[in-house]
1. Counting each DSSP H run of 4 or more residues in the chain as -39500 (n - 2.57), what helix-only mean residue ellipticity at 222 nm follows after dividing by all residues, to the nearest 500 deg cm²/dmol?
2. Using Cα-Cα distances under 8 Å and only pairs 6 or more residues apart, what relative contact order does the range 173-249 have, in percent?
3. Per q in 0.21, 0.28 Å⁻¹, report the Debye log10 I(q)/I(0) for the range 1-43, using one uniform scatterer on each alpha carbon and no solvent.
4. Roughly how far apart, in whole Å, are the Cα centres of the range 229-288 and the range 143-172?
5. In square nanometres, what is the average projected area of the Cα convex hull of the range 247-377?
6. Using +1 on the beta carbon of Lys and Arg, -1 on that of Asp and Glu, and nothing else charged, what's the dipole of the range 255-302 about the Cα centre, debye to 20?
7. Near TRP330, within a Cβ-to-Cβ distance under 14 Å, what is the net charge of the other residues, with Lys and Arg +1 and Asp and Glu -1?
8. Excluding same-chain residues fewer than 8 positions from LYS50, which lysines have a Cα within less than 23 Å of its Cα?
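Values quoted throughout were computed directly from the atomic coordinates according to the rules given, and no laboratory measurement underlies them. A quick note: this is a predicted structure, and the numbers were derived from the prediction, not measured. Quick reminder, even Gly has a Cβ in these numbers, built from the backbone with ideal geometry, and neighbours come from all protein chains shown.
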Amino acid sequence: MAEPWLTIIGIGEDGLAGLSEASRNALDRAEAVFGGERHLKLARIDGRGKPWPVPFDAACVLARRGRPTAVLASGDPFWHGAGGSLAAQLSPGEWVAHPAPSTFSLAAARLGWRLEEVNCVGLHAAPLERLVPQLSRGARILCLVRDQAAVTDLAKFLTARGFGASRLWTLSALGGPRERILESRAESYNADATEPPLAVAIEADGVAGLPRAAGLADDLFRHDGQITKRPVRALALSALAPRPGERLWDIGSGSGSISIEWALAGGRAIAIEAREDRARNIRANAAAFGLTHRIAVVTGSASDVLASLEKPDAIFIGGGLDALTFDSIWPLLPDGTRVVAHAVTLETEALLAELQRRHGGELMRVEISHASALGRFRAWEAARPIVQWCAVKGEQHA
């Protein structure tokens, strides 16, 4: 195998002194060295230095394919760094990496935190809402942020969401002579002239945060009444059985509540909604939960858009299913796809009974009642019964 032409090097605030001999040799051999201006200065790179374009674009590195080239990145290039973006576009033999301790590792070491028990989040180019699923009393979170203004915004964000009592540590220039660590509370944070690169450590304290079980409260979602209600949603998600990395088609998504909870479980969802006003609600809900990177919203009818989408691991149809729509969906599904459909009308209920006869699976009828006032007393008020069909395409059935 030919010697790799690209070396990806992690560098810390201690500059050349902290680099391995292999890293220093690679820098000496490189005809060009790419990195941030700070990285190039730390490594004392002069005329060969190529500052990263803003926004980041790996094309300038790839254009040098075959010629000795080095890339400098902060700490571990494969943890919220350029390494993954580059390696995804290269063959294994084209590159070699020499990582340094990541900012996360250095921050945990300074605070005495067990890194395996800490949520590590990159917020350089991500919305603060990305923290929403992580926030709960006692949670420890390490964030990478762009600048001092971002720390101020983060403190305000935490306070506005009931986590103002959280302890904050701002950690700058870790591992170098300018290292500095300051502690405060989110609600009383005052901007300081802390220099980048910045990490913020959070020990969350405040409201309860999001529960981890399926079936979030309905009032957490923006909707026009078209929402799979909490107890029914919990039943649907149990049947859908989300797993990290899997993809859901949420057909007739309404408010997007099923997609939201699927994504909170670690999956990715494509929410298909015919009405643009409801599609706007789905986007707003995804943003509020910090899940825009996990939920794609497609406006249009299922029969028109599904053929062009990436194949799912599971699909949910919350209502309004008819035979024509089902016949357009079923052939698109790979074997092993989990299918969950709900019915509230007699016509759709009859269709689900027929689909269960043809394709197997389980058919369940659920009736839910809530206690409500009846004069001076209380009585049960029944919601419309829900029929749920759950099946796996290609699975043998009697």
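1. Working: 12 runs with 104 residues, N = 398.
Calculated mean residue ellipticity at 222 nm is -7500 deg cm²/dmol.
2. On the way: 23 pairs, mean separation 15.8, N = 77.
Rounded, it is 20 percent for the range 173-249.
3. Each listed q corresponds, in turn, to -0.68, -1.13.
4. 29 Å
5. Working: hull surface 41.3 nm².
Convex hull of Cα atoms, orientation-averaged projection: 10.3 nm².
6. Dipole size: approximately 80 debye.
7. Working: positive: LYS311, ARG338, ARG358, LYS393; negative: ASP322, ASP327, ASP335, GLU354, GLU395.
Taking every Cβ under 14 Å from that of TRP330, the sum is -1.
8. Candidates past the 8-residue exclusion: LYS41.
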